[in-house]
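First up is the structure itself, then whatever we jot down about it.
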Amino acid sequence: MKKQVKDLVNAVVKWAEFKPDILGVALVGSYARDEAKIDSDVDLMFLTLTPKELIDRPDWITEFGNIKSIKVEDWGLVTSVRVFYQDDLEVEYGITTSEWVRLPIDGGTRRVISNGIKILLDKSGLLEKALKEVSSKNRS
């Protein structure tokens, strides 16, 4: 993982540790699989008690760099805040509630987890439960 991405991930985790409304943070996609290419975006999932606050007031993303542009995308249980930073780093912050990892795991969540996940912060233990559920189903 390139230094720029490591620094971002570390900063996000450090920030989230002190936010009581953030239940968990996970790296997903190509960086989680260690298959990222030079132009890959960074995909981070946030489990939060207050998704609307993070989506409607995205000033928190300025903590991680200078912003070129922001795009919000609705994916059902997940709303993505896609950020293009001045340093050419593209980060997709997937924002959702604990419903995303509710058992039984729904198909969309299962695909994301099966496609690569690294749990970075799991205050609630919900991400680990979901990973175990998906892993056990994939083995059977």
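Readers should treat all values here as calculations from the given coordinates under stated rules, not as data from a laboratory. Since the model is a prediction, treat every value here as computed from it, not as a measurement. In this analysis, Cβ positions are derived from the backbone assuming ideal geometry, glycine residues included, and neighbour counts consider all displayed protein chains.
Taking the criterion of being of a type in the set (Lys, Arg), in a loop (DSSP other than H, G, I, E, B) and exposed (fewer than 15 other Cβ atoms within 10 Å of the Cβ), the residues of the stretch 1-35 that qualify are 2, 33.
List the strands (runs of 3 or more DSSP E) inside the stretch 67-140, counting only whole elements, that have at least 3 residues being touching a Leu at 6+ places or on another chain (Cβ under 7 Å).
So the answer is 90-96, 117-122.
Selection of the stretch 3-34 for residues being more than 21 Å from residue 126 (Cα to Cα), of a type outside the set (Ser, Thr, Tyr) and touching a residue at least 24 places away in the same chain (Cβ under 8 Å) yields 4, 5, 8, 11, 34. One residue alone among 113, 67, 38 is surrounded by 13 or more Cβ atoms within 10 Å (Cβ to Cβ), more than 15 Å from the chain's Cα centre (by Cα), among the β-branched types (Val, Ile, Thr) and over 21 Å from residue 17 (Cβ atoms), and that residue is 67.
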